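Note sheet for the following structure.
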Amino acid sequence: MKKKTSHGKILSATRKIVAITLVGILVLTSERPAFAETTKQDLSDANSAKEAIDKKIQDVQNQLNQLSKDKKDIESYIRQLDSNLADIDGDINSLNEQISTKKDEITEAQATLDIIQKQSDEQYESMKLRIKYMYENGTDSSYLNMLINAKNMSELLNKAEYINKITSYDRQMLDEFAALSAQINETKTLMEADLESLESMQIEVEGQKQALAIVQDAKISELEKLDNKTADAKAYREQLEKDRIEQEKVIQQIEAELKRQEEEARRAAEEAAKNGTTPTVTVPKYDGGKFKWPTPSTRITSPWGDMEDRSSPHQGVDIGALKRGVSGDPIYAAYDGTVVTATYSSSAGNWIWINHGDGLMTVYMHCSKLLVSPGTKVKKGDTIALMGTTGNSNGVHLHFGVRLNGKYVNPMTYFG
C-alpha cells in the first residue's frame, strides 16, 4: 500500500509540474517577451522536474536489478536444494537396498542356524541312546562280554577301540555344532546391529529430506514474492516512463519557445541594423564550428549509447578524472553560448545547460562546483565548473551531453 501511495503522490506532483509549466508556456506565448529570463528559468525548472522523474526511474531500475539478482540467487539456491534432494533420494535408495540385503542375510543366517540346531539335536538324541544302552548294559559287562566272546586279543582291542571312538565322535560332533552355532549367532548379532544402524541412518536421511523440502518450499514462496514485487516495480517504472515522456514534451515546448524568441530577437536585430540602431537583445548563433573537449582528461568511462547497468541507452559521454577518484578538474564550455541552467538536481547533481543557438545546447553534469549562473555569456574554452561526483553518480566524472532541437544526439560528432 505504501508503494501505491508514494506512486500516486509522484504522479500527482508530476502532473502539477507539467500543468504549471504548460501554463507558463501559454503565458510566454501570449506575451511574447524578447528572449526573456523567465523562459530560461522555466527551462531550468522543467529540466529539474524531468531529472527528478529520471532519478525515480533509475531508483526503480536499481530496485529491479536487485530483485533480478535476488531472484537469480534464490533460483540458484533452489537448484542446489534440488541437487541435494536428489543426492538424498539416492542415499535413501542405497540404504533401502542395503537394508533389504542385510535382512536377506539375516534370514539366511537364521535358516542355517535352524539346520545346525536340528543336526545338533539329532546327534544329541543318538548320543543319548548310545549312552543309555551302555548304562543299561554296564561298561564292565560290555568289556567282559567282549573278553569272553573275543577270539583273540586283537579282536578284543578292536572292539574296545570302537566303543571309545563312538563316544569320542559324539563329543566332537556336539562341540563342533556348539562352536558353529556360536559363530553364526555372533554373525547374526553383528548383522542385526548393522541393520539397526542402517535403519537409524534411513530415519536421519528422511529427516534431512523433509527439512530440505521445507526450505525449498520457503524459497519458492520467496521467489513468488519477488516476482510480484518485480511486476509492481515494472508497472511503476512504465508509469514513470510515461511521466518522463510528458515532461520531455514540456522541455521541448520550452526549447521551441526559446528558439522562437531567438528568431524574434534575430529579426529585431536585423531590423535594428537596417534602421541603424543598436539591437536590444544579443542572439546566440551556432556557426557550425568544432567543439572544444570539455575537460583536460580524455579517458571515456561510458560512451554514447552505452547500456551497461542502464535502463535506456546512455545519452551522453562520461569522461573520467585525470586522477581516478580525484575531484576538481576544470570543465570548459564546449562552445560560445549563454548559460540557461546552472543549478542542482538530485539526479544530475550540480549541472549546467548552455544554449549555443539554433536549437543546440550542451549539458554538463555531476560537477563539484559551479562557476557560472543562468544568463552568463561564455566563450569556447571558458572554465564553467569543476569535475565531481554529485547527484546520481558512481565515481568522479563529467557527463557531457549535446541536445539538438529537443533531442539528445551523439556528442562525438561535434569534435571534428
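Only the coordinates and a few stated rules stand behind these numbers; no lab work does. Predicted, not measured: the structure shown is a model, and the values here were computed from it. Cβ: placed from backbone, ideal geometry, glycine included. Neighbour counts: every protein chain shown.
Extending 7 Å from the Cα toward the beta-carbon at both residue 193 and residue 404 defines two label points whose distance is 9.0 nm. Residues whose amide H comes within less than 5 Å of that of residue 345, counting only those at least five positions distant or on another chain, are 350, 351 (H built at 1.01 Å from N in the peptide plane).
Our note on the geometry: Cα centres of segment 78-108 and segment 331-367, 71 Å apart.
Here's how it looks for residue 382: its modeled amide H is under 5 Å from those of 333, which are all 5 or more places away or on a different chain. Pairs with C-alpha atoms separated by more than 25 Å, drawn from the list 290/377; 56/292; 55/285; 50/407; 249/292, are 56/292; 55/285; 249/292.
Charging the Cβ of each Asp and Glu at -1 and of each Lys and Arg at +1, and nothing else, the dipole of segment 284-416 about its Cα centre rounds to 240 debye.
Sequence-ordered 3J(HN,Hα) estimates for segment 358-375 from the Karplus curve with 6.51, -1.76 and 1.60 and θ = phi - 60° stand at 6, x, 9, 9, 10, 10, 10, 10, 6, 5, 7, 8, 9, 10, 9, 9, x, x Hz, glycine and proline given as x.
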